[in-house]
Structures are given as C-alpha cells and as structure tokens.
Amino acid sequence: MTKRIIGLTGGIATGKTTVTNYLASAYDLPIFDADIYARDAVSIGSPILRAIAQRYGEEILLPDGNLNRQHLGEIIFQNQNERQWVEDLIHPYVSKCFLQAIATSSYETLVLVIPLLFEAQMTHLVTEIWVVICSEAQQLQRLIQRNHLNREQAQARIQSQLPLTEKVARANVVLDNSSTPEILLHQVDVALKKTTISINSFD
C-alpha cells in the first residue's frame, strides 16, 4: 500500500492546529505531531534533557525536574547557535518517531504536523507539503495573544523560522488563513480531494 503522507507546516500561529483538528474530526485522519514528540524527547530522565541541563545548568529545570521551556526559549530565540544546538539534539529523535508512526499505521492517509519541516530537513518523510499562511500582522497578533508574549519576543520566534514566502514556494498546497475559519476549512476539503503524485525530493 502506498501511503499518502501530508506534511503540514507553516509559520508559528498561522493556524496549523485549526487544520489538524478539522482533519481529525471531519475525516478521521491520524495526526502525528512533531511538537508532541519534541516534548517527549525532553521528558524527565531523558538523555536529551540531561544534555540540556549540562549545557545550561540546573536553572534550566523546574523544581519538579521538568524542562523550564520559558527559560530555554529566552536562550535559544536570542541566539541562533544555541537554537541550532538544541534542535540538533531533538530533530533526530522526532524524525525517528515519525518513521515508526508511518511504518506501523494502517491508515492510507497520514498527517504529519511539522512546524520546522524545511528547517529540520524532514521533507523526505512526506509525499506532499501543505503550508498554512496568514498575513504577517495577523501572525504577530495571534502569537502575542496566544503565548502572552511582548512584540519583541513574538517577532524573535517568527524570525527564527524560514520566511513564509520560502515555504509557500516549496508547497504543494497553500492554505490561506487570513480570512474566516470556514474559508480555511473549505480549502482543506478541496486539497484533500486532490489526487497527488508522490514527490519525495523537495531539497
């Protein structure tokens, strides 16, 4: 069986969760999320969390031993080299989880949610790429409200990712979330009904 593997990506706070929730509820598609795997990668006692604590000190941990994500975010979103170091630890783990999920799933169509699909060089895992976009102003405002960040913090997170224009240029499907949820979900319906040819060489 040849599986259809949708790689869903986009900028931070552009609306990926809205799309995945709809694909799961309306079409009963399995959703595999890089963010969930990344959280698992730094669970208490994991080798990756130990490596992070050795690099940044015990203050990178919360009193209960979990990763202090806010503190780590302050470090890596201000320093590209540190962000790269952390991502080089986590991305191989996430990729391995995706490969296992693909191999063991009985579904013909799978959805892999990978915010850093291009940055982490995981395009080889999918057969098509969907990119969710919105305007820069909307993205910034949504991120500030959702994550309770100031403008500077939000801009640092947006700028840490590949520009949306570059992601769009490499997409098979572009989902525009600059209007209403209904318009966005209609685009999802249309994209899902398309017959796509497997293309496995994006880079």
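A few notes on this one:
- The numbered conditions (1) assigned to a loop (DSSP other than H, G, I, E, B); (2) without any contact (Cβ under 8 Å) to a residue 12 or more places away in the chain are all true for residue 25 except (1).
Matching residues to (1) exposed (fewer than 13 other Cβ atoms within 10 Å of the Cβ); (2) of a type outside the set (Phe, Trp, Tyr); (3) not assigned by TED's automatic domain parsing to the domain that holds residue 94:
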{"site": "39", "(1), (2), (3)": "no, yes, no"}
{"site": "51", "(1), (2), (3)": "no, yes, no"}
{"site": "56", "(1), (2), (3)": "no, no, no"}
{"site": "65", "(1), (2), (3)": "yes, yes, no"}
{"site": "68", "(1), (2), (3)": "no, yes, no"}
{"site": "75", "(1), (2), (3)": "no, yes, no"}
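- Residue within region 39-53 that is touching a residue at least 40 places away in the same chain (Cβ under 8 Å) and either small (Gly, Ala, Ser) or closer than 28 Å to residue 138 by Cβ (or both) present: yes
- When residue 123 is tested against the conditions (1) over 15 Å from the mean Cα position of the chain (by Cα); (2) in the same structural domain as residue 176 (by TED's automatic domain parsing), the lone failure is (1).
- Candidate set from region 1-22 (those that are among the aliphatic types (A, V, I, L, M) and outside any helix (DSSP H, G or I)); member that is surrounded by the fewest Cβ atoms within 10 Å (Cβ to Cβ): 1
- Residue ranges of helices (runs of 4 or more DSSP H) in region 116-181 with at least 2 members under 21 Å from residue 36 (Cβ atoms) and touching a Leu at 6+ places or on another chain (Cβ under 7 Å): none
- Of all the listed residues (37, 22, 27), the sole one being in contact with a Phe, Trp or Tyr (Cβ under 9 Å, 6 or more places away or on another chain), hydroxyl-bearing (Ser, Thr, Tyr) and at negative phi is 37.
- Residue count for region 39-50 satisfying the condition of being in a helix (DSSP H, G or I) and under 23 Å from the mean Cα position of the chain (by Cα): 6.
- Some residue of region 100-119 being crowded, with 16+ Cβ neighbours inside 10 Å, within 30 Å of residue 192 (Cβ to Cβ), assigned by TED's automatic domain parsing to the domain that holds residue 19 and free of Cβ contacts under 8 Å to residues at least 60 places away in the same chain: yes
- Restricting region 64-96 to residues that are among the small types (Gly, Ala, Ser) and part of a helix (DSSP H, G or I), the residue that is nearest to residue 155 (Cα to Cα): 73
The values are calculated or read from the model by the stated rules, or taken from the named source; none is laboratory data. This one's a predicted model, so the numbers in the text were calculated from it and none came from an experiment. When we count neighbours, we look across all protein chains shown, and the Cβ atoms used for this are built from the backbone with ideal geometry, even at glycine.
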